[in-house]
Amino acid sequence: MDEKVRLKGTPIKRFDETITVERSSTAKYAWTAGQAISRFLVELKKGKLIGRRCNKCRRILIPPRMYCESCFRATDEWIYVEPIGTVNTAVVSYITTTREKLEKPLIIAVIEIEGTGGSGLFHYLEGVNPEDVINRKVFGMRVKAVWKPEAEREGSINDIKYFVPITGGEEK
Amino acid sequence: MKMNINLKNRVAIVGAGLTLFRRRLKETPKELAWAAAKMALESAGLELSDVDAVVIGTAPDAFDGIHMKGEYLADGSGGTGKPVMRVYVGGGTGVFTPIAGWWHVASGLFDVVLAVAEEKMSPAMPHPQSVFAHIWDPIIERPIGPNLIWIFALEMHRYMYKYNIKKEDIARVSVKNKRNALDHPAAQLGAKITVEDVLNSEMLVYPVQRLDISPVSDGAAAVVMVSEHIARRITDSPVWVEGVGWSLDTVHWTGRDLAYPKYVECAARMAYKMAGITNPAREIDVAEVYDPFDYKELHHMEGLMLARKGEAPILTREGITERDGDLPINPSGGLLGVGNPIAAAGMMKVTEIYWQLRGEAGKRQVKKPVYTGLAQAWGDLMQVGTVIVLRAG
């Protein structure tokens, strides 16, 4: 097919150029969190990060799974981990979920949780400037979770407000 | 060495069809599927009565707001009263559809299969972005409020960090593909732009800017796939399916190496083994690799082992991936230039390799003689690779 072929299709620029029908659906869902994530959420509410360890590949899976997808066997035990990690990658968002402009840009990162053998969490990063992201200074930075006050926690990934850099001298 | 598999039939592509790709087309999904399917059949010199089975590829039902989309599309795709199968692996669907068509014929079950891919993203209001919000884990990820661009930006930035890649070297992909698309009759966004235009376009999620991204599109594509004895009878220039491969990673993308698409490598290795390809960078003459974002073309060239890790930007900078280069990549104009009606976009890549290998691509025809080509797609939660290797007859 060369460049001169005329293909079918009728572009429209405005809805009033054609007849359209609108309908919106309001499907609602109640998801079960499941065995692994239910416990994970309960622990988040307590201000703790918990994973499942696979004794075969020795990874600690976060978010936890009752099975190890690599070894395809049941994971062995629950294990608490420090909510500390390093920044694997980070970006600066100037738009919301639905693509509206954000007044204040948001920094989002994948945090590799220490001691897990590669488990990552995707969360907000505070206490760094967009410039630190753009010049890639944040890559490899050690960060820790900042929790919501206990009374405000509800058993959600958002019980962690965000991660912040661990500043000099402050350990665990 | 070739994979030791016993195939009942060698499979050829003998016809291809496309519609326009546009932000919003008046035609319904069925009307688009019909236009592409009819064009493919006519180009093969076949009638619907010659077709034994139909394979349909289309991505999330939620774009159209019609569930059971395979069934919905069946009549426009020529499926009435025939064995029909709908396949779906997110953005990887467009290449997975002819892969499914291949096994329908290779198995010996059918001689003539029509493979149709259709996508209409425009119905979702106010923007299909709101539909993408449903791909994440509802409990662990959605409460963070992810935008689809976030996860690609995270991946792109990790890739840039790991190999110290400059944004302008990534922007060259967008410049090349949009320029290539000027010669594609379906193209939505063919344009002459510069690296500076990309770098000055609206910043969405650093490092992703507006001109780094393919558009939202409507469109359809189709190919006719037949067994060897039919191919020999109806054409002098069949395009053989020499290898197919596909692979899926987990949805736990935050625990993955974001700088390298291992699942694409797994899919490519499967297809190369089947095709007897041991040095893809030398043996693949032309490739259509999945480019919904400019960095993905580079990422995928590396996953496909067409470039060494971190070196695809260098090949691009040196002009090797241009139409007149040693390894032309996306001579069609890709998703960045032709458009991205998800499943149809992947199938468009297969049609481009088909036309390139037959020497029928007109102004888009790559300069060097081409014998072996590849099309690849990618999708789901950054986790699937689908690869097809084609060879001129």
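The values are calculated or read from the model by the stated rules, or taken from the named source; none is laboratory data. Everything quoted here is computed from the prediction, not taken from an experiment. No Cβ is skipped: glycine too gets one built from the backbone with ideal geometry, and neighbour counts run over all protein chains shown. What goes into the accessible areas is simple: the full protein's heavy atoms, side chains included, and nothing from ligands, DNA or RNA. Shrake-Rupley method; radii C 1.70, N 1.55, O 1.52, S 1.80 Å.
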For segment B:290-313, state whether one or more residues are free of Cβ contacts under 8 Å to residues at least 24 places away in the same chain, crowded, with 22+ Cβ neighbours inside 10 Å and closer than 23 Å to residue B:379 by Cα.
yes
Can you confirm whether segment A:96-118 contains a residue that is of a type outside the set (A, V, I, L, M), within 23 Å of residue A:44 (Cα to Cα) and in contact with a helix residue (DSSP H, G or I) (Cβ under 8 Å, 6 or more places away or on another chain)?
yes
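This table checks each residue for (1) open to solvent by 20 Å² or more (accessible area, probe 1.4 Å); (2) touching a residue at least 40 places away in the same chain (Cβ under 8 Å).
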residue: A:82; (1), (2): yes, yes
residue: A:87; (1), (2): no, yes
residue: A:93; (1), (2): no, no
residue: A:111; (1), (2): no, yes
residue: A:129; (1), (2): yes, no
residue: A:138; (1), (2): no, yes
residue: A:142; (1), (2): yes, yes
Are there any pairs, at least 6 apart or on different chains, whose C-beta atoms fall under 6 Å, with the first in segment B:187-198 and modelled with pLDDT under 95 and the second part of a helix (DSSP H, G or I) and hydrophobic (A, V, I, L, M, F, W, C), and if so, which?
none
Give me the pairs, please: first residue somewhere in segment B:15-31 and more than 7 Å from chain A (Cβ to nearest Cβ), second residue anywhere and of a type in the set (Asp, Glu), beta-carbon distance under 7 Å, and either six or more positions apart or on two chains.
B:29/B:64; B:29/B:118; B:30/B:75
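If I filter segment B:189-208 down to residues being out of contact with any strand residue (DSSP E or B) (no Cβ under 9 Å at 6 or more places or on another chain) and not polar (S, T, N, Q), which single residue comes out as surrounded by the fewest Cβ atoms within 10 Å (Cβ to Cβ)? Write out each step before concluding.
Taking segment B:189-208 as the starting set, the residues that turn out to be out of contact with any strand residue (DSSP E or B) (no Cβ under 9 Å at 6 or more places or on another chain) are B:189-197.
This time we only want the ones that are not polar (S, T, N, Q), so: B:189-193, B:195-197.
Values: B:189: 24, B:190: 20, B:191: 17, B:192: 9, B:193: 15, B:195: 16, B:196: 11, B:197: 17.
Once the filter is applied, the top-ranked residue is B:192.
Could we say that residue B:107 is open to solvent by 10 Å² or more (accessible area, probe 1.4 Å), more than 14 Å from chain A (Cβ to nearest Cβ) and hydroxyl-bearing (Ser, Thr, Tyr) here? Give the derivation first.
Values: open to solvent by 10 Å² or more (accessible area, probe 1.4 Å): yes; more than 14 Å from chain A (Cβ to nearest Cβ): yes; hydroxyl-bearing (Ser, Thr, Tyr): yes.
Taking the combined requirement at face value, the residue satisfies it.
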Looking across segment A:25-35 at residues that are in a loop (DSSP other than H, G, I, E, B) and more than 8 Å from chain B (Cβ to nearest Cβ), the single one that is least open to solvent (accessible area, probe 1.4 Å) is A:27
Can you list residue pairs whose Cβ atoms sit under 6 Å apart, with the first residue in segment B:114-139 being under 19 Å from residue B:217 (Cβ atoms) and the second being in a strand (DSSP E or B)? Count only pairs 6 or more apart in sequence or on different chains.
B:116/B:56; B:116/B:222; B:117/B:57; B:117/B:221; B:118/B:220; B:120/B:218; B:122/B:218
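Residue by residue, here is whether (1) open to solvent by 20 Å² or more (accessible area, probe 1.4 Å); (2) at pLDDT 95 or above; (3) facing chain A (nearest Cβ under 9 Å) holds:
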{"residue": "B:125", "(1), (2), (3)": "yes, no, yes"}
{"residue": "B:134", "(1), (2), (3)": "yes, no, no"}
{"residue": "B:156", "(1), (2), (3)": "no, yes, yes"}
{"residue": "B:166", "(1), (2), (3)": "yes, yes, no"}
{"residue": "B:173", "(1), (2), (3)": "no, yes, no"}
If residue B:305 meets every condition in (1) out of contact with any Lys or Arg (no Cβ under 9 Å at 6 or more places or on another chain); (2) assigned to a loop (DSSP other than H, G, I, E, B) apart from one, which number is that one?
(1)
Within the group B:374, B:390, B:357, which residue is touching a residue at least 60 places away in the same chain (Cβ under 8 Å), touching a strand residue (DSSP E or B) at 6+ places or on another chain (Cβ under 8 Å) and within 14 Å of chain A (Cβ to nearest Cβ)?
B:357
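Looking only at segment A:110-137, which residues are in a loop (DSSP other than H, G, I, E, B) and either closer than 28 Å to residue A:75 by Cβ or more than 10 Å from every other protein chain (Cβ to nearest Cβ) (or both)?
Initial filter on segment A:110-137 (in a loop (DSSP other than H, G, I, E, B)): A:114-119, A:126-129, A:135-137.
Those that are in a loop (DSSP other than H, G, I, E, B) and either closer than 28 Å to residue A:75 by Cβ or more than 10 Å from every other protein chain (Cβ to nearest Cβ) (or both): A:114, A:115, A:116, A:117, A:118, A:119, A:126, A:127, A:128, A:129, A:135, A:137.
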Over segment B:238-253, the set of residues within 14 Å of another protein chain (Cβ to nearest Cβ) and either among the β-branched types (Val, Ile, Thr) or surrounded by fewer than 16 Cβ atoms within 10 Å (Cβ to Cβ) (or both) is B:239, B:250, B:251
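In segment A:144-163, what residues are within 11 Å of chain B (Cβ to nearest Cβ) and either part of a loop (DSSP other than H, G, I, E, B) or open to solvent by 70 Å² or more (accessible area, probe 1.4 Å) (or both)? Step through it out loud before you land on a result.
Start the filter on segment A:144-163 by keeping residues that are within 11 Å of chain B (Cβ to nearest Cβ), which leaves A:154-160, A:162.
Result: A:154, A:155, A:156.
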Could you check, for segment B:61-76, whether at least one of its residues is at pLDDT below 95, touching a Phe, Trp or Tyr at 6+ places or on another chain (Cβ under 8 Å), within 14 Å of another protein chain (Cβ to nearest Cβ) and surrounded by fewer than 22 Cβ atoms within 10 Å (Cβ to Cβ)?
yes
Looking for something among the small types (Gly, Ala, Ser) and more than 10 Å from chain B (Cβ to nearest Cβ) - is there at least one such residue anywhere in segment A:164-171?
yes
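Under the condition of being of a type in the set (Gly, Ala, Ser) and in a loop (DSSP other than H, G, I, E, B), which residue from segment B:79-94 is farthest from residue B:348 (Cα to Cα)?
Within segment B:79-94, the first condition is being of a type in the set (Gly, Ala, Ser), and the residues that meet it are B:79, B:81, B:90-92, B:94.
Now drop any that are not in a loop (DSSP other than H, G, I, E, B), which leaves B:79, B:81, B:90, B:92.
On the way: B:79: 21, B:81: 27, B:90: 15, B:92: 12 Å.
So, considering only residues that are of a type in the set (Gly, Ala, Ser) and in a loop (DSSP other than H, G, I, E, B), the one farthest from residue B:348 (Cα to Cα) is B:81.
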